[in-house]
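Encoded as structure tokens, the structure appears first; notes follow it.
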Amino acid sequence: MMKNIARYSIASLVMASSLAFAAAHSEGPMVKAMDQDVANGVVSASLVKAAENGWLVVHRTDAAMKPGPVVGYAPLRRGDNYDVAAILQESVAPGDMLMLMVHAETGGTATGVFEYTLGATEDGPIRVDDALVMQVITAK
């Protein structure tokens, strides 16, 4: 009887951990990042999940939470992308808010070339349920 209970407990544990692993890896597109020091000219996301190849785009933003001008970007592969670093193309001061957003690699004239400009459709933002896939951070 004890052996059957032990087998059942181990089987339950394996099943529960498998379900937890599947749930963690089945989330849709997302960006995970924290407030960070950008004095080195780089902003990073610890994890970006992308449904297709695309871009992690760094926009300026403010308390209104609207995406502003692009100040950096980095390529993404479909799937999980860890420690994604975007080189900033202009100065960012401590206290500036940055919106790290997932953009597609579609609609442009060249694959592998970031072609988006604010409001354009080329390499534009990804939306899930009409919401932008992004994370806002504050530069330190």
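Residue count for the stretch 89-103 under the criterion of being within 16 Å of residue 68 (Cα to Cα) and either hydroxyl-bearing (Ser, Thr, Tyr) or surrounded by fewer than 18 Cβ atoms within 10 Å (Cβ to Cβ) (or both): the result is 6. Would the stretch 96-118 turn up any residue that is part of a loop (DSSP other than H, G, I, E, B), over 20 Å from residue 52 (Cα atoms) and at pLDDT 95 or above? Within the stretch 96-118, one or more residues are part of a loop (DSSP other than H, G, I, E, B), over 20 Å from residue 52 (Cα atoms) and at pLDDT 95 or above. Only one entry in 106, 117 is without any contact (Cβ under 8 Å) to a residue 60 or more places away in the chain, within 22 Å of residue 28 (Cβ to Cβ), open to solvent by 30 Å² or more (accessible area, probe 1.4 Å) and β-branched (Val, Ile, Thr), namely 106. Filtering the stretch 62-74 to residues that are surrounded by 14 or more Cβ atoms within 10 Å (Cβ to Cβ) and more than 18 Å from residue 120 (Cβ to Cβ) leaves only 74.
Residues of the stretch 60-83 being touching a residue at least 60 places away in the same chain (Cβ under 8 Å) and part of a strand (DSSP E or B), which ones? Selection gives 61 alone.
Filter the stretch 120-139 down to the residues that are more than 21 Å from residue 45 (Cα to Cα) and open to solvent by 70 Å² or more (accessible area, probe 1.4 Å) and list them by number. Answer for the stretch 120-139, where residues must be more than 21 Å from residue 45 (Cα to Cα) and open to solvent by 70 Å² or more (accessible area, probe 1.4 Å): 121, 129, 130. So residue 92 passes all but one of these: (1) in contact with a Leu (Cβ under 9 Å, 6 or more places away or on another chain); (2) of a type outside the set (S, T, N, Q); (3) under 15 Å from residue 133 (Cα atoms); (4) in a loop (DSSP other than H, G, I, E, B). Which condition number does it fail? Answer for residue 92: the failing condition is (3).
The values are calculated or read from the model by the stated rules, or taken from the named source; none is laboratory data. Just so it is clear, the structure is predicted and the values come from calculations on it, not from any experiment. Note that each Cβ is placed from the backbone with ideal geometry, even for glycine, and that neighbours are counted across all protein chains shown. Note: areas computed on protein heavy atoms with side chains; ligands, DNA, RNA excluded. Shrake-Rupley method; radii C 1.70, N 1.55, O 1.52, S 1.80 Å.
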